[in-house]
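Undergrad: Here it is, the structure in full.
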There are 4 protein chains.
Amino acid sequence: MSGNSIGEMFKVTTFGSSHGPAVGAVVDGCPAGLELSKKDIQDELDKRRPGTSEITTSRRETDQVEILSGIFKGKTDGTPITCLVFNEDMDSSVYESIKNKPRPGHGDLCWTAKFGHYDYRGGGRGSGRTTIGQVIAGAVAKKLLKTLGISVVSHVTQIGHIKANKVNINLIESKIMQNPVRCADQSAAKKMEKLILELKEDGDSIGGIVETVVLNPPPGMGEPVFDKLDADLAKILMAIGSVKGIEIGAGFDAANLTAYEMNDEFYIAKDGIRTTTNQSGGILGGISNGMPIIVRMVVKPTPSISKLQKTVDLSKMEDSEIQIKGRHDPCICPRVTIVAESSVAIVLADHLIRGGFIHPSKILKN
Amino acid sequence: MSGNSIGEMFKVTTFGSSHGPAVGAVVDGCPAGLELSKKDIQDELDKRRPGTSEITTSRRETDQVEILSGIFKGKTDGTPITCLVFNEDMDSSVYESIKNKPRPGHGDLCWTAKFGHYDYRGGGRGSGRTTIGQVIAGAVAKKLLKTLGISVVSHVTQIGHIKANKVNINLIESKIMQNPVRCADQSAAKKMEKLILELKEDGDSIGGIVETVVLNPPPGMGEPVFDKLDADLAKILMAIGSVKGIEIGAGFDAANLTAYEMNDEFYIAKDGIRTTTNQSGGILGGISNGMPIIVRMVVKPTPSISKLQKTVDLSKMEDSEIQIKGRHDPCICPRVTIVAESSVAIVLADHLIRGGFIHPSKILKN
Amino acid sequence: MSGNSIGEMFKVTTFGSSHGPAVGAVVDGCPAGLELSKKDIQDELDKRRPGTSEITTSRRETDQVEILSGIFKGKTDGTPITCLVFNEDMDSSVYESIKNKPRPGHGDLCWTAKFGHYDYRGGGRGSGRTTIGQVIAGAVAKKLLKTLGISVVSHVTQIGHIKANKVNINLIESKIMQNPVRCADQSAAKKMEKLILELKEDGDSIGGIVETVVLNPPPGMGEPVFDKLDADLAKILMAIGSVKGIEIGAGFDAANLTAYEMNDEFYIAKDGIRTTTNQSGGILGGISNGMPIIVRMVVKPTPSISKLQKTVDLSKMEDSEIQIKGRHDPCICPRVTIVAESSVAIVLADHLIRGGFIHPSKILKN
Amino acid sequence: MSGNSIGEMFKVTTFGSSHGPAVGAVVDGCPAGLELSKKDIQDELDKRRPGTSEITTSRRETDQVEILSGIFKGKTDGTPITCLVFNEDMDSSVYESIKNKPRPGHGDLCWTAKFGHYDYRGGGRGSGRTTIGQVIAGAVAKKLLKTLGISVVSHVTQIGHIKANKVNINLIESKIMQNPVRCADQSAAKKMEKLILELKEDGDSIGGIVETVVLNPPPGMGEPVFDKLDADLAKILMAIGSVKGIEIGAGFDAANLTAYEMNDEFYIAKDGIRTTTNQSGGILGGISNGMPIIVRMVVKPTPSISKLQKTVDLSKMEDSEIQIKGRHDPCICPRVTIVAESSVAIVLADHLIRGGFIHPSKILKN
């Protein structure tokens, strides 16, 4: 398979499955001399942790991170940083009854086609739990970005038919933790929460849109013609389970725009050349232009639902039905925000090193 | 930079710029024994060639391909296949007057931030002309796919506000060549053509949506958790110039769906397990499920327009204006269809080899 | 840095340092369905473990492996296999007194030049202890090779001036465990052991040569022109600490041979075409030819010795002296044999998958 | 196959075969702003060109390079540099008579095992002619190295039993062009030339040793634990056809040394910390230490000889004989020197960028 690594210079490899001993990540290529503590990583994992509100799964995991390598006297030492989280609250029994019935909307049958079997216990490596790997690596990446004053934040902009109003991008970070939905528009957040709970009650789930914003990115990141910054962002975000679409800046609205409407005009600003608008979402020709980077992804409704669905029974090769009893999120968007942030941070860390913005071996003093 | 290669086993490297001596591609990793002629590649290039109708640029290039390596007695020999197209009709003079004025919507200023200069002659390597590389490699990939009965076709589904009606996916290929827009709905195609010509007259351009369909894909392609099939498709498509968004299956509509609506239910069909609907677009958990793969991308309006736009003059570092006089497509969507097809074919060829569907070194007899 | 991974399809990433919490490896790309137990890996680690005889370091580590991921019901599941060994017997105090004095023959000063510091505790990531990573991955690789009947064995052929007599390559495996030197020639082994103990007594150490033999390799492994089989073997073996040279088949003797002496002539054998001699060491044009693969590496004497040596004091930037008191191997060759075996097995596993000899996703039934 | 690329940041892809239309290389990742002319590359190719003396093949090629991309106004522009040489003097007829008889010492049969066929015309892609790719890329690398004052030179130190005396490493470059053997010891050179001509007369050929020296390398290049500088050098040199062994510094002599003899002691020099000796060959722990890098490779005798040899006839699957009539080098060492230099330069360019010694996107003014 060997598809579990991403990045060229800041290289992340993740491992582990939902019901195995542990999940984790190896980060190879972080320069030496970066202050990094267990708390830096734990704080990020806590944002992803399940069981924190009524609108997330009731699976309880403390998700305590352990650092196995790469840190020497409180700083990165330039060698691979390996972190893991042991799985604790593994209730596999619930999966026994459905182990021959591929769950609609899940990859069970695809994994079987590929590997000759699938781990029916919570999806195995296909589980959203494996995104702990991205969050670990993202925590390291964020610390690296911070040395250049770059920050990344994700927020929910739509759940079902409820769309949030636009919020000043500099205020998003302070507003999203005020509600369990991680929506910066508090009024919309309340409606979203209500909708999610209604669907939970109904044994169903709902999709939504997560937007990620990068503040203070330097111009010049991206490696055309294939490793463009937007191309690498699209890849890592599409690789998150349940994501079915990605757009940058104006995104799909661009289909209905003329160039005169779409193009961002240039002007001389105090700190350099800027654009009057940001339809491009901070990326032109696959390279950052110094404006905030704006990328959105659509997250499909969590496919595990307790409503009765048609499927097949693989042991008998006949049509069958399934009702999924596990503990699932009625809307995964709020928890996915941190995975999106982490993923974007990983790509930026890689491109900052590839582009010569950060020294590849050591943090240089300013 | 080193961002000009893509693929792990079927590895494509492209080179060349708009006004340099040549553009081309090296395909490394194509198994030996595949019949491949100059015509196979030329036919694909002809679909991309400019100057074939009123709605494309008037730049005239014959775009004749030359094969430099990798073919022995009419078949691939397992070594790198190198092809190139020499640039002919290069009118650089028109760019002299605007060489200090970055064009809105283009990457000129980003390239300068990155490389310390930019090639003002038609965007240099940032030009759409470099997609000849993808088309060359795509031609090889398509021949490889054909050995397994897999085909790829792209069509225009929207231009501005005009949306095409759905067409049976098996009929798309036969219908798109009946009009210059490459839209399978002939009635919509007429309206699209009219709209494009109006905008051309107005010195403006318009965006649109291109959908790519893969017929007869085997289940099991894709390498989670990062090199998922949809992630690799998103990357290669987002890397095409002017693309601002990608979606698979239901795509962004999934935000407003419940799982019960979104999930595709399974049933036993004659030729295996199939799904009743195809909301997933043929990919679940990052792996193909055997249903047709459906991926859409939004293409922004060609940024080069003759309308007056604000920009800056880099030689004086002051605000300025620009009117672009070159020869440009008022809508790039029709010509981009072949680039999308090629890009998808490249990803599939790579995943077919990586997944063991095609022998990596030689075409095995059936 | 990001130089801690090797392999394209069978991809190995190692991590950890001599005095950090743990050392280990992630193996990504092992097909699903391979039987693999903790014992398979532990048995290999035990061959590398220190403290087993008078001629190895007295550092005592039980080196118990833990499997964190990638195994489901006793078989690989196609996802990354992560294993680690926690460090136990870490005596860092001995290094405090020499922490500003780079040790001659070690990379201390080079790591400082690169990373701005070095981990003076046993060399940190530069320690031979990190080869536990190769042994873990090699154990997985060997199981994979076994499915095709391929085996790999390493033996010591020279220590100082003492050279072993040639032994039938099919008998090496049974003979090397009869002495602590892992030399197949018992008479030479005794002399080697004596020489090592003399040098230990003298506070010095000695170099040697390790040969690795691959039995029953299929013809056709290797990917010219860069990823040739011998090139990849040379890389992975040269990457083992203390190795200063690699040769294949006749190796450096080829300088003094004519083509008529060097060339292996072909003949028709019962099981295919074979060569009368094996001067090429089983590899021609970078591709295996089906004959046993023979590769030798020279291992320099362990640089940590208690003899007084000249060095510099980095805290005062003045000339100084050093006497190294740690627990070191007077000859590392015997323990390196298992690392060489593992390294060769890793390269073969990768090339067997790359070359289509082993299915990349699952073990196919015969 | 996809084994025709090397390097992570300075990425080289080569293509073409002995009797196809052309051979060449794509260099991706060279920073923008490096002065590079056709002459820079042609001068290097001329050192490799056949037909320049009695001791090389009589095949005559002018080997004129053409630059297809990557240069803008006399400087690199940061995009892929593609160069090629068209094949001219292709006499394939001589190979017709032996096309079913694999040549001893060549990879013919191995290529057949791998690809199902082989290009019998001069070895196809297995021909030494493909090293034109390395020389092209090496020419670019050398210009890059020059910006830091680093130079690379190769010389012949042994042919058959004749060994050259040591020469001051700073004088090698000026001395090797004084004789056709490229040996810095003029007296030995004469004997070597005589030996080569004798063997040519006899229809045979002879092996030798080529040493490559890097002057003025900075300390800190190399990426442990796998992408060590010596490991990457070993790989690229072993990938040159006919090379059967690699050694660094003391190399295979280290087997017979004690640590006290092998270790290089440190002292404070005017320009930093240096070692009194250079047994390590400039690399410790896989990282350069600032001393000259010394690497040697053994080159086997050219396998194509006119002496009668035993082989098999593949069309009849019976034992047979072969006499090779083509135009071949009686000793390839002199011409391989430039390939070795180029290969080493490629690895250094890659590691200089990876290690942050050279900016990845543009040449920074000092």
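Undergrad: Restricting everything to alpha-carbon atoms, can you work out Rg to Rh for segment C:310-361 with a Kirkwood hydrodynamic radius?
TA: Using Cα coordinates only, the ratio equals 1.40.
Undergrad: Along segment D:27-36, what does the Karplus equation 6.51 cos²θ - 1.76 cosθ + 1.60 (θ = phi - 60°) give for ³J(HN,Hα), rounded to whole Hz, x for Gly and Pro?
TA: 10, 10, x, 7, x, 6, x, 8, 5, 8
Undergrad: Residue by residue through segment A:94-110, what is 3J(HN,Hα) from phi via Karplus (6.51 cos²θ - 1.76 cosθ + 1.60, θ = phi - 60°)? Round to whole Hz and write x for glycine and proline.
TA: 4, 7, 4, 5, 10, 5, 9, 10, x, 7, x, x, 9, x, 3, 5, 5
Undergrad: Another question about this same structure. Taking amide H positions as placed 1.01 Å from N in the peptide plane, with prolines and chain starts having none, which residues 5 or more places from residue A:157, or on another chain, fall under 5 Å of its amide H?
TA: Those lying under 5 Å, H to H, from residue A:157 are A:209, A:210, A:211.
Undergrad: Can you pick out the pairs among A:99/B:270; B:316/D:362; A:99/C:11; D:143/D:191 whose Cα atoms lie more than 28 Å from each other?
TA: Where the Cα-Cα span goes over 28 Å, the pairs concerned are A:99/C:11; D:143/D:191.
Undergrad: Sequence gap at least 6, Cα distance under 8 Å: using those rules, report the relative contact order of chain A to the nearest whole percent.
TA: 23
Undergrad: Only Lys, Arg, Asp and Glu count, each charged at its Cβ (+1, +1, -1, -1), so figure out the dipole size of segment C:114-183 about its Cα centre, rounded to 20 debye.
TA: 40
Undergrad: Need the C-alpha centroid separation for segment D:254-322 versus segment A:102-164, integer Å.
TA: For segment D:254-322 versus segment A:102-164, the Cα centre distance is 47 Å.
Undergrad: In debye, nearest 20: dipole of segment B:21-122 around its Cα centre with unit charges on the Cβ of K, R (+) and D, E (-)?
TA: With Lys and Arg at +1 and Asp and Glu at -1, about 260 debye.
Undergrad: Put one equal scatterer on each alpha carbon of the protein assembly as shown, apply the Debye formula with no solvent term, and list log10 I(q)/I(0) at q = 0.04, 0.08, 0.09 1/Å to two decimals.
TA: For the protein assembly as shown at q = 0.04, 0.08, 0.09 Å⁻¹, log10 I(q)/I(0) is -0.23, -0.98, -1.26.
Undergrad: Can you list, shortest first and in nm, the gaps between the label point of residue C:92 and those of its counterparts in the other copies, using a point 7 Å from Cα in the C-beta direction?
TA: In nanometres, ordered from closest: 3.7, 6.0, 6.6.
Undergrad: If you don't mind, another one. Hey, how much of the P(r) for segment D:266-366 falls beyond 22 Å, as a percent of Cα pairs?
TA: Beyond 22 Å sits 61 percent of the P(r) for segment D:266-366.
Undergrad: Let me ask something additional. How big is the dipole moment of segment A:5-354 about its Cα centre under a simple scheme where the beta carbon of each Lys and Arg is +1, that of each Asp and Glu is -1, and everything else is neutral? Debye, nearest 20, please.
TA: That gives a dipole near 360 debye.
Undergrad: What's the longest bit of chain D with no exposed trypsin sites (Lys or Arg not before Pro), using DSSP loop states and at most 10 other Cβ atoms within 10 Å as the test?
TA: In chain D, the maximal stretch lacking such sites is D:167-269.
Undergrad: Extending each Cα 7 Å along its Cβ direction at residue C:319 and residue C:53, get the distance between those two points in nm, one decimal.
TA: Calculated label separation equals 4.1 nm.
Undergrad: At 222 nm, what helix-only mean residue ellipticity would the protein assembly as shown give, in deg cm²/dmol to the nearest 500, using -39500 (n - 2.57) for each DSSP H run of four or more?
TA: Estimated from H runs of four or more residues: -8000 deg cm²/dmol.
Undergrad: Follow-up question, since we're still on this one. Got a sec? Charge dipole of segment A:5-354, +1 on Cβ for Lys and Arg, -1 for Asp and Glu; which of A:241, A:141, A:333 is way out at the positive end?
TA: Going by the Cα projections, it comes out as A:333.
Undergrad: May I ask which residue of D:116, D:71, D:104 lies farthest towards the positive end of the charge dipole of segment D:58-150, with charges of +1 (Lys, Arg) and -1 (Asp, Glu) on Cβ and the Cα centre as origin?
TA: D:71
Undergrad: What is the spin-label model distance, in nm, from residue D:35 to residue C:60 if the labels are put 7 Å beyond Cα along the C-beta direction?
TA: So the label points at residue D:35 and residue C:60 sit 6.8 nm apart.
Undergrad: I would also like to ask the following. Restricting to the protein assembly as shown, what percent of DSSP beta bridges are antiparallel, rounded to 5?
TA: Here the antiparallel bridges make up roughly 95 percent for the protein assembly as shown.
Undergrad: Can you list the aspartates and glutamates whose alpha carbon is less than 12 Å from that of residue C:114, not counting same-chain residues fewer than 8 positions off?
TA: A:77, D:223
Undergrad: Hey, with R₀ at 22 Å, roughly what FRET efficiency would residue A:166 and residue A:216 work out to, going by the Cβ-Cβ distance, to 0.05?
TA: About 0.65, to the nearest 0.05.
Undergrad: Going through segment B:33-71, which GluC sites (Glu not before Pro) have at most 14 other Cβ atoms within 10 Å and a DSSP loop state?
TA: Sites meeting the loop and neighbour criteria: B:54.
Undergrad: Over segment B:5-354, what lengths in whole Å, largest first, do the semi-axes of the equivalent ellipsoid take, defined as the square roots of 5 times the eigenvalues of the alpha-carbon gyration tensor?
TA: The answer is 34, 25, 19 Å, longest axis first.
Undergrad: Something else now. May I ask you to compute the full-extension gain from residue C:93 to residue C:146, defined as 0.36 nm times their residue separation minus their alpha-carbon distance, rounded to one decimal in nm?
TA: Working it through step by step, the gained length comes to 14.7 nm.
Undergrad: Name the residues whose placed amide hydrogens come within less than 5 Å of the amide hydrogen of residue A:22, ignoring near sequence neighbours (fewer than 5 apart) on the same chain.
TA: A:17, A:87
Undergrad: Got a sec to turn the phi values of segment B:339-351 into Karplus ³J(HN,Hα) couplings, 6.51 cos²θ - 1.76 cosθ + 1.60 with θ = phi - 60°, whole Hz, x for Gly and Pro?
TA: 5, 5, 3, 4, 5, 5, 4, 4, 5, 5, 4, 4, 6
Undergrad: What is the set of long-range amide H partners of residue D:283 at a cut-off below 5 Å, with H atoms built 1.01 Å from backbone N?
TA: Excluding prolines and chain starts, which carry no amide H, the hits are D:289.
Every number here is computed from the coordinates shown, using simple stated rules; none is lab data. None of these values were measured; they are calculated from a predicted model. As a convention, Cβ positions derive from the backbone with ideal geometry for all residues, glycine included, and neighbour counts pool all protein chains shown.
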